[in-house]
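The values are calculated or read from the model by the stated rules, or taken from the named source; none is laboratory data. No experiment lies behind these values; they were computed from the predicted model shown. Accessible surface areas use protein heavy atoms only, side chains included; no ligands, DNA or RNA. Shrake-Rupley method; radii C 1.70, N 1.55, O 1.52, S 1.80 Å.
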Amino acid sequence: MELNLLIGGLCLGLALWLRPWRMLDGPLLTPALAGLVLLPWLWLLPQKMPQGLQVQLSGACLLVLMLGWPLAVLVLAGIALVVWGMGQAAPEAVLTQWVWTGLVPASLALGIGAVLRRWLPANPFIYTLGRAFLGTAASVFVAGLLFEGLQWLAGEPGRELSLIARWLMAWGDAFLTGMFGAIFVAFVPQWLATWSDERYLRPPTDRG
């Protein structure tokens, strides 16, 4: 509980300090509102699953691609509030969901994106396959591993099946993020705060 509050407080404080709501005065308002409307339904699914199985699609990495990390953190906070208001889960469970389904994958996706921008060429293939697809799979699964590891350190029994489920759901998240990322690059790149035509569609340098 204390760790979740610490992570949530740090992420929210940093996001508020950066004042990302200024980005809503433009095309990013549409994907931000879409995230607030659609993602709570995915986050409510674990409450409907047998025995409260806490495995689900995240959507956090797609939000980072569309909105950037600071604004994605605020939208994820809004999603968690909607889930708390509409669902039956205790506040502690919603806090855990916000941190480990939302904030941790989003932060890992930010780090992976920074590494790819630093070390790999700037082209649409790297963005859609590397950042949107493989980056999402890695971010979601590593977040799940960290959560399961903390549960094990806290004395919870080992849950091998949960790791398998998290592995499969990470690839489900990756498929959706990669698909929507490619669609948005092709048709509505203005919905992607992390995309730049100048960077990714720049013609190759003439070597002649």
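Largest to smallest in accessible area, the residues Phe147, Phe125 fall in the order Phe125, Phe147 (1.4 Å probe, all protein chains included).
Computed over the chain, relative contact order equals 26 percent, with contacts defined as Cα pairs under 8 Å that lie 6+ residues apart. Shown for the chain: the carbon plus sulfur share of the solvent-accessible area, taken with all protein chains present and a 1.4 angstrom probe, equals 71%. Can you give the angle from 0 to 90° between the axis of helix 104-119 and the longest principal axis of the chain, with both taken from C-alpha atoms, to the nearest 10? In the chain, helix 104-119 runs at an angle near 30 degrees to the longest axis. Solvent-accessible surface of protein heavy atoms, probed at 1.4 angstrom with all chains present, puts Asp25, Asp173, Asp197 in the order Asp25, Asp197, Asp173, largest first.
Rounded to the nearest 10 degrees, the inclination of helix 135-153 to the longest alpha-carbon principal axis of the chain is 20 degrees.
Between 0 and 90 degrees, the angle of helix 29-48 with respect to the longest Cα principal axis of the chain falls at about 30 degrees.
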